[in-house]
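Have a look at the structure below, then the notes.
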Amino acid sequence: MTFSGLNFIGILVAFVVSFISGGIWFGPKTFYPVWMKEKGIESGQLTENQNKPALLFGGTIVGVLVMTLTLGLIINSLMVHQPQFGITDGAGVGFALGVGIAMFASLSHRVFGGDNLKVWVIETANDAINLTIAGAIIAYFN
């Protein structure tokens with residue numbers, strides 16, 4: 001994998017869209033209330049020890065940035081060998097990585113950690129959706 005030929009504008013757009021999508025996904029009118037309830041946090045509020053905005057948002061920014069950059073590197077490498085690589089191909093790669101790796105890499109951790117499957121689906125489906133969309137965006141810009 002190489003950084004040469006990597007379109008950083010595409011990575012940035014994919015990052016922004018993924019970050020916004022995560023904010024909507026875990027918003028107070030979408031999955032946040034169900035997610036907190038399923039995690040056993042009836043109040044929906046994190047404790048003072050858990051609610052550290054710099055860590056919460058900083059960690060999210062780093063995670064989404066690394067995720068989109070890695071996806072960009074993979075798509076860029078595939079495009080070198082397949083010049084006809086298009087938006088649908090990028091979405092397919094993102095989907096495969098999102099479901100096949102992002103979702104299922106954490107399944108055993110969640111089950112052994114005591115989380116129920118609803119928590120796992122809520123948390124990881126957003127990653128799979130974001131990677132799918134990001135893959136299409138990155139392929140478009142490349």
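The numbers here are math on the coordinates, done by the rules we state, and not lab data. These numbers come from a predicted model, not from an experiment. Glycine also receives a Cβ, built like all others from the backbone with ideal geometry; neighbour counts cover every protein chain displayed.
Here are a few things to note about the model shown:
- Exposed-loop-free span, longest in the chain, where chymotrypsin sites (Phe, Trp or Tyr not before Pro) count as exposed if DSSP calls them loop and at most 14 other C-beta atoms lie within 10 Å: 4-103
- The helix-only estimate of mean residue ellipticity at 222 nm for the chain, built from DSSP H runs of length n ≥ 4 each weighted as -39500 (n - 2.57), is -22500 deg cm²/dmol after division by the residue total.
- For segment 113-142 and segment 17-32, distance of Cα centres in Å: 12
- Value of relative contact order over the chain, rounded to a whole percent, pairs C-alpha under 8 Å and six or more apart: 41
- Taking 0.36 nm per residue of separation and subtracting the Cα-Cα distance, full extension of the segment from residue 78 to residue 57 would add 4.4 nm.
- Translational diffusion coefficient of the chain (Stokes-Einstein, Kirkwood radius from Cα pairs, 4 °C, 1.567 mPa s): 81 µm²/s.
- Look at the dipole of segment 8-141 built from charges on Cβ: of 67, 31, 16, the Cα furthest out on the positive end belongs to 31.
- Per-pair calculated FRET efficiency, R0 = 22 Å: residue 96 and residue 117 via Cβ, rounded to 0.05: 0.55
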